[in-house]
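> Before we start, here is the structure in question, set down as structure tokens.
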Amino acid sequence: MEINDNDKEINSAWHVHEDGTVHAHHGHTHTQTKAVLNRLSRAIGHLSAVKRMVEQNRDCSDVLIQLSAVNSAIKNVSKIILQDHIEHCLVEAVKENDQEAIDKLKEAIDKFVK
């Protein structure tokens, strides 16, 4: 498959490897989208509860417990996204020898674990 420079500018999702092969980034479906959205909704609900608790001058211990639930929900979403990324995006990147995608994952993990 060939694309010209104009196509590259219009569709930045294309990636051209050194050997001339072309593929589209994230041209697949993430299998955990529904689970991620459900967990994000749960985390948003917990965070809204924290906001209400602060507005109501609730006990700090109760607020901290609720914040712990928010942190846990976010960590669980992150685990699902990372697992899905490894099982699909990274597997595809390795098959296509896409070092850029592998480097981006390393960078994301470095930022995530800080």
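The values are calculated or read from the model by the stated rules, or taken from the named source; none is laboratory data. Everything quoted here is computed from the prediction, not taken from an experiment. Virtual Cβ from ideal backbone geometry, glycine too; neighbours counted across all protein chains shown. Areas reflect the complete protein model, heavy atoms only, side chains present, ligands, DNA and RNA absent. Shrake-Rupley method; radii C 1.70, N 1.55, O 1.52, S 1.80 Å.
> Look through D84, D103, D62 and report the one residue that is open to solvent by less than 50 Å² (accessible area, probe 1.4 Å) and in a helix (DSSP H, G or I).
D84
> Can you say whether K51 is open to solvent by 80 Å² or more (accessible area, probe 1.4 Å), at negative phi, under 16 Å from the mean Cα position of the chain (by Cα) and free of Cβ contacts under 8 Å to residues at least 12 places away in the same chain, as far as the supplied structure shows?
Criteria not met by K51.
> Right, here's the next one. Considering only the range 34-48, state which residues are open to solvent by 70 Å² or more (accessible area, probe 1.4 Å) and of a type outside the set (A, V, I, L, M).
Within the range 34-48, K34, N38, R39, S41, R42 qualify.
> Right, something else. When you scan the range 87-98, how many residues do you find that are part of a helix (DSSP H, G or I), touching a His at 6+ places or on another chain (Cβ under 9 Å) and either open to solvent by 60 Å² or more (accessible area, probe 1.4 Å) or of a type outside the set (A, V, I, L, M, F, W, C) (or both)?
Counting residues in the range 87-98 that are part of a helix (DSSP H, G or I), touching a His at 6+ places or on another chain (Cβ under 9 Å) and either open to solvent by 60 Å² or more (accessible area, probe 1.4 Å) or of a type outside the set (A, V, I, L, M, F, W, C) (or both) gives 2.
> A further question on this structure: Between a residue in the range 76-99 that is within 19 Å of R42 (Cα to Cα) and any residue that is of a type in the set (V, I, T), which pairs come within a Cβ distance under 9 Å, given they are 6 or more apart or on different chains?
Here the result reads V77/V36; I80/V36; I81/V36; L82/I109, each pair linking the range 76-99 to a residue that is of a type in the set (V, I, T).
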